[in-house]
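K.L.:
So that we are looking at the same thing, I have put the structure below in structure tokens.
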Amino acid sequence: MAFKKYTEGTANYILDYYECSCYSSEHCFIFRIDLDDGQVYLSPYLCSHFSFFKRLIYGIKYIFGHKSDYGAFDEIIIKREDIKNLRNLFEEYDKVHEELEKRSKEKEDGSNS
């Protein structure tokens, strides 16, 4: 499977979007592979189910270093059909990483000549 490559300014990357099997827009994440440095970014959607004032109190507690015993978590149930796509995405990452290593080695060999 070929992933669409994007360019934004000088950044080149592959972007792939996944959502939970419950199809809630609050349960989604994006994988981004940077084609220039080989980094993989995972961007989960961070939602809030609280009113403005509860979020304000939560923010004030955060500023003063309060930490929940349980942390701040949510979950995403990956759909079965997305598993194959994720596997392909990671294989694409391997190709990108191998290409970057090859370029780096060629650059070293060229500078040592």
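K.L.:
Hey, any hits in the range 69-86 for a residue that's among the aromatic types (Phe, Trp, Tyr), over 19 Å from the mean Cα position of the chain (by Cα), over 30 Å from Lys4 (Cβ atoms) and assigned to a helix (DSSP H, G or I)?
P.N.:
There is no residue in the range 69-86 that is among the aromatic types (Phe, Trp, Tyr), over 19 Å from the mean Cα position of the chain (by Cα), over 30 Å from Lys4 (Cβ atoms) and assigned to a helix (DSSP H, G or I).
K.L.:
I would also like to ask the following. Determine the pairs where a residue that is among the small types (Gly, Ala, Ser), located within the range 38-63, has a partner that is at pLDDT 85 or above and part of a helix (DSSP H, G or I) with Cβ atoms under 9 Å apart, the partner being 6 or more residues away or on another chain.
P.N.:
Filtered contacts from the range 38-63: Gly38/Tyr93; Gly38/Val96; Gly38/His97; Gly38/Glu99; Gly38/Leu100; Gly38/Glu101.
K.L.:
OK, next. For the range 93-102, does any single residue satisfy the condition of being surrounded by 11 or more Cβ atoms within 10 Å (Cβ to Cβ), of a type outside the set (A, V, I, L, M, F, W, C) and either in contact with a Pro (Cβ under 8 Å, 6 or more places away or on another chain) or assigned to a strand (DSSP E or B) (or both)?
P.N.:
Taking every residue of the range 93-102 in turn, none turns out to be surrounded by 11 or more Cβ atoms within 10 Å (Cβ to Cβ), of a type outside the set (A, V, I, L, M, F, W, C) and either in contact with a Pro (Cβ under 8 Å, 6 or more places away or on another chain) or assigned to a strand (DSSP E or B) (or both).
The values are calculated or read from the model by the stated rules, or taken from the named source; none is laboratory data. Since the model is a prediction, treat every value here as computed from it, not as a measurement. Virtual Cβ from ideal backbone geometry, glycine too; neighbours counted across all protein chains shown.
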